[in-house]
Amino acid sequence: MLAYFKVQWEQNNKAIFLFISKEPEGNIRSKAQDLGLPIESIIVKGVTHSEVAKHISLFDFAIYFIRPSFSKTASSPIKQAEIMAMGIPIITNAGVGDSDKYIQESKAGALLKDFSEQTFASTPLPSSPDQKDIRNFVYEHFSLEKGVEKYQVLYESLCPKSLS
């Protein structure tokens, strides 16, 4: 993520990376300095779960990368739905569970095909979609109400009322 940010920072040296992580701040800052990023371009915050949403609300867009692997083929990152529920566009890598599908359908971000500097530079930042459109998409696909409706339809198809 820091390598990605470096490419973006080189295009806009006013960019700030708010890094929400329990990783020790010194580790992140050291890696940022190794990449030649100015220390003032990185803010590291280790926050409690209850504070995460407040910090995400400061984002212009969120960045997270998950290395694709066999075990991630069937995963769906919870953070994706949480970020999208706040109307924040996402930059993430392709090939993890159903992330590609939801990012593309919602037009809520950018998918990177790999972690190369060339891909980082050539993938445009997400345009600013209407936050309300992103939130509505999340409601339609991930809300508890919609989940209950979908399970109800599934259960009724498996166990018709005529059998009860």
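Read-outs throughout are calculated quantities, based only on the coordinates presented, and are distinct from any laboratory measurement. Bear in mind that the values here come from a model prediction, so they are computed numbers and not experimental data. Glycine gets a Cβ as well: all are built from the backbone with ideal geometry, and neighbour counts include every protein chain shown.
Tabulated results
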read-out	value
Most positive-pole-ward Cα, Leu112, Val148, Val138, against dipole of segment 61-164 from beta carbon charges	Val148
Built amide H within the under 5 Å cut-off of Asn93, gap 5+	Ile66, Leu112
Amide H within-cut-off set for Phe19, under 5 Å, with H built and near neighbours excluded	Ile43, Val44, Lys45
Order of Ile16, Ile91, Ile78, Ile56 under a 10 Å beta carbon neighbour criterion, fewest first	Ile78, Ile16, Ile56, Ile91
Between helix 144-158 and the chain: long-axis angle, C-alpha atoms, 0 to 90°, nearest 10	40 degrees
For Thr119, Thr48, Thr92, order by how many other beta-carbon atoms lie within 10 Å, fewest first	Thr48, Thr119, Thr92
³J(HN,Hα), Karplus 6.51/-1.76/1.60, whole Hz, each residue of segment 26-31, x for Gly, Pro	x, 4, 5, 4, 5, 5
Sequence of Tyr4, Tyr151 once ranked by neighbouring C-beta atoms within 10 Å, starting from the fewest	Tyr151, Tyr4
Cβ-defined net charge surrounding Ile63, 14 Å radius [Lys, Arg +1; Asp, Glu -1]	+1
Net +/- balance of residues flanking Lys45 in space, Cβ distance below 9 Å, scoring K and R +1, D and E -1	-2
Options [x] 0.98; [y] 1.64; [z] 1.22 - which one matches Cα Rg over 2.2 N^0.38 Å as calculated here	[z]
Cβ-defined net charge surrounding Lys107, 11 Å radius [Lys, Arg +1; Asp, Glu -1]	-3
